[in-house]
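Each remark here refers to the structure printed beneath this line.
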Amino acid sequence: MRFPFSNTVSSSRKSHGTRNWIQPEANKASSLRSVIMETPIPDYLYLALKQYNGLDARPIVNVGDKVLKGQKIAEARDEFGVPVHAPTSGMVAAISRHPYPDEFGSDAIALCIKTDGLDRWIPRQPEDDLHTLSAQQLIKKIREAGIISLAGSGEFPNREPIDTLIINGAECEPYVTCNQALIREHPENIISGAKILLQIYRAKHCIIAIEENSTDAIDALKPALEDQSIELNLVPARYPASSDKQLIQVLTKKEVPASKRPEDIGVSIINAAAAAAIHNAIISGEPLISRVTTVCGDTLKTPKNFRALIGTPVAFLFELCGIDYSRLSRVVMGGSLTGITLNNLDTPLIKTSDCLIAGSSQEFPSAPTAHECIRCGFCSSACPVGLMPQQLYNSIRAGMTDKAQQQGLDDCIECGACAYICPSHIPLVQYYRYAKFELKDQNVRYEQSRKWQRRFEYRQHRLLENEKRKQGNRHRSLARPEIIETTDTALENFSREQASIEIADAVARVKARKNKKNSEDKT
Ligand code: SF4
Ligand code: SF4
């Protein structure tokens with residue numbers, strides 16, 4: 001993977017505090033020229049049951065069922081998953097495998113809705129007085145609305161003691177402008193979502209972070225923030241300043257320790273789009289069924305930000321922008337540094353899809369041949385979390401993913417700064433993703449084998465207990481024959497001859513008694 005940025009390696013390295021940044025070409029202007037456009041309703045929507053982490057959601061509708069806009073069609077199966085709602089009215093046409101946006105180009109189970117064009121809502125239940133709701137009730141409503149953080153990381157934090165709440169409106173990754181567009185057009189929704197989150201977390205400070213060069217968003221937000229207890233904070237327009245841990249460091253001067261979450265140091269960070277979705281869920285009673293997505297790239301005539309329904313196929317959005325298929329070389333979901341390449345234009349939008357790039361071969365030339373690591377150390381100085389990327393790479397290449405994990409692989413935020421700066425063009429992030437997948441797979445297999453081992457041990461235990469019980473019964477049944485044995489022995493000793501003598505004696509005694517009684521009666 002390689003991207004065509006114009007900066008030279010040395011001039012692109014910038015320092016901010018103790019960490020380093022890179023400054024790739026922004027490529028943001030074209031999608032910000034127009035306002036956010038509502039997409040028309042596609043004929044078919046494909047709602048992946050996996051919208052983020054956790055187990056796939058469980059469908060609660062069947063093929064052939066009619067559904068209304070906003071109706072829950074699949075429920076979360078664990079605390080990491082989210083429910084899925086119908087983005088418009090129509091009929092469930094299929095529940096089957098469909099292309100899915102992940103780095104392996106795999107597919108996943110999706111609910112296919114044939115839309116009816118009527119866009120009929122279920123009855124919505126907006127909250128008139130949210131101050132009557134407890135924090136737990138609000139969290140439950142947000143989860144039921146299917147909201148995740150809407151950034152690439154997607155997570156919506158649980159309630160913890162929180163000191164600082166950060167609404168992340170910064171987008172330092174090239175091409176992505178959906179937050180900037182949302183803030184400049186709907187600042188009040190983001191502030192309303194932030195206030196709901198403040199009611200939940202009771203945080204002492206609330207900061208909305210935007211990049212310093214997003215002047216239109218800053219201009220829109222400033223007047224809306226007057227008389228509010230929410231601060232606006234500008235962050236450097238450098239990559240990866242808006243990734244969670246880096247942003248926390250810039251804004252609070254606190255560092256999230258390795259393998260820890262922001263909540264562990266009393267900070268909660270939520271994407272600006274998620275704050276707006278929370279406003280929609282609580283104030284308007286609308287679940288998360290659409291999102292603002294940047295659709296851009298050299299092959300599009302009119303790049304723009306869309307409010308698109310979740311489940312919309314990528315090709316549908318590209319066609320709305322006038323795509324020139326003859327020039328299309330590469331399709332990326334996400335920004336150009338951390339996004340994933342899509343191989344199928346039927347792949348649908350999921351809740352974390354913030355950007356789609358339809359790139360030409362000039363924009364995304366083929367990756368140059370990777371050479372051996374020359375130990376220049378550029379990657380270490382570019383890494384914003386202070387890792388040694390070349391060490392991780394060497395360990396992974398040697399097949400020692402466990403060692404890479406000890407070297408901090410889990411803390412790698414996959415920002416791509418190291419790969420961007422590497423003069424040997426080594427696709428470092430691909431190695432890290434592969435290793436993380438391997439480790440995850442190993443963990444899953446380990447957990448699976450532990451589960452089977454526990455089952456096996458339980459079965460062995462049960463068999464042993466059964467055996468013991470049987471033996472106990474046998475002992476008891478063996479104890480009875482001891483008594484019987486006496487009887488048996490007596491029976492054995494009781495000969496047939498003796499028996500017939502005794503019977504004859506008894507018969508004789510009965511006869512004698514009868515005769516005696518008869519003679520007494522006669523006298
Ligand atoms: S991985 Fe690339 S940037 Fe890092 S030390 Fe090796 S050659 Fe240099
Ligand atoms: S991808 Fe990982 S290792 Fe490379 S610079 Fe980013 S955080 Fe560091």
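Can you tell me how many residues in the range 55-77 are on the phi > 0 side of the Ramachandran plot and surrounded by fewer than 15 Cβ atoms within 10 Å (Cβ to Cβ)?
From the range 55-77, those on the phi > 0 side of the Ramachandran plot are 64, 70; that's our starting set.
Those left that are additionally surrounded by fewer than 15 Cβ atoms within 10 Å (Cβ to Cβ): 64.
The qualifying residues number 1.
Considering only residues that are touching a helix residue (DSSP H, G or I) at 6+ places or on another chain (Cβ under 7 Å), assigned to a loop (DSSP other than H, G, I, E, B) and at pLDDT 50 or above, which ones fall in the range 1-43?
Those that are touching a helix residue (DSSP H, G or I) at 6+ places or on another chain (Cβ under 7 Å), assigned to a loop (DSSP other than H, G, I, E, B) and at pLDDT 50 or above: Q23, P24, V35, I36, T39, P42.
In the range 348-380, which residues are over 31 Å from the mean Cα position of the chain (by Cα) and within 16 Å of ligand 2 (Cβ to nearest atom)?
Those that are over 31 Å from the mean Cα position of the chain (by Cα) and within 16 Å of ligand 2 (Cβ to nearest atom): A370, C373, R375, C376, G377, F378.
Kindly indicate whether any position in the range 400-408 is small (G, A, S), more than 14 Å from ligand 1 (Cβ to nearest atom) and surrounded by 13 or more Cβ atoms within 10 Å (Cβ to Cβ).
Pass one, the range 400-408, residues small (G, A, S): 404, 408.
Filter once more, keeping what is more than 14 Å from ligand 1 (Cβ to nearest atom): 408.
The next check asks that each one be surrounded by 13 or more Cβ atoms within 10 Å (Cβ to Cβ); those that pass are 408.
So far as the range 400-408 goes, yes, one or more of its residues are small (G, A, S), more than 14 Å from ligand 1 (Cβ to nearest atom) and surrounded by 13 or more Cβ atoms within 10 Å (Cβ to Cβ).
Going residue by residue through the range 383-398, is there one that turns out to be more than 30 Å from R330 (Cβ to Cβ), more than 9 Å from ligand 1 (Cβ to nearest atom) and in contact with a strand residue (DSSP E or B) (Cβ under 8 Å, 6 or more places away or on another chain)?
yes
Collect the residues in the range 243-280 that are among the aliphatic types (A, V, I, L, M), touching a residue at least 60 places away in the same chain (Cβ under 8 Å) and farther than 21 Å from E173 by Cα, keeping them in residue-number order.
Passing the criteria: A258, V267, A277, I278.
I413: near ligand 2 (Cβ under 10 Å from one of its atoms), in a loop (DSSP other than H, G, I, E, B) and either touching a residue at least 60 places away in the same chain (Cβ under 8 Å) or closer than 30 Å to C376 by Cα (or both), yes or no?
Details: near ligand 2 (Cβ under 10 Å from one of its atoms): yes; in a loop (DSSP other than H, G, I, E, B): yes; either touching a residue at least 60 places away in the same chain (Cβ under 8 Å) or closer than 30 Å to C376 by Cα (or both): yes.
Taking the combined requirement at face value, the residue satisfies it.
Go through S268, S242 for me and flag whichever is at pLDDT below 95 and in a loop (DSSP other than H, G, I, E, B). Can you show your working first?
Values: S268 fails: in a loop (DSSP other than H, G, I, E, B).
So the residue among S268, S242 that is at pLDDT below 95 and in a loop (DSSP other than H, G, I, E, B) is S242.
I need the full set of residues from the range 45-62 which are assigned to a loop (DSSP other than H, G, I, E, B) and either over 18 Å from D107 (Cβ atoms) or touching a residue at least 40 places away in the same chain (Cβ under 8 Å) (or both), in order please.
The initial filter retains those residues of the range 45-62 that are assigned to a loop (DSSP other than H, G, I, E, B), namely 49-57, 60-62.
L49, K50, Q51, Y52, N53, G54, D56, I60, V61, N62 - these are the residues of the range 45-62 that are assigned to a loop (DSSP other than H, G, I, E, B) and either over 18 Å from D107 (Cβ atoms) or touching a residue at least 40 places away in the same chain (Cβ under 8 Å) (or both).
What number goes with the only condition from (1) more than 16 Å from ligand 1 (Cβ to nearest atom); (2) outside any helix (DSSP H, G or I); (3) surrounded by 11 or more Cβ atoms within 10 Å (Cβ to Cβ) that S366 does not pass?
Of the numbered conditions (1) more than 16 Å from ligand 1 (Cβ to nearest atom); (2) outside any helix (DSSP H, G or I); (3) surrounded by 11 or more Cβ atoms within 10 Å (Cβ to Cβ), the odd one out for S366 is (3).
Being in a loop (DSSP other than H, G, I, E, B), within 17 Å of I282 (Cα to Cα), modelled with pLDDT under 95 and not polar (S, T, N, Q) is true for just one of I147, I139, I200. Which residue is that?
Unique residue meeting the criteria: I147.
The values are calculated or read from the model by the stated rules, or taken from the named source; none is laboratory data. Worth saying up front: this structure is predicted, and the values here are computed from it rather than measured. Note: ideal-geometry Cβ built from the backbone for every residue, glycine included; neighbour counts use all protein chains shown.
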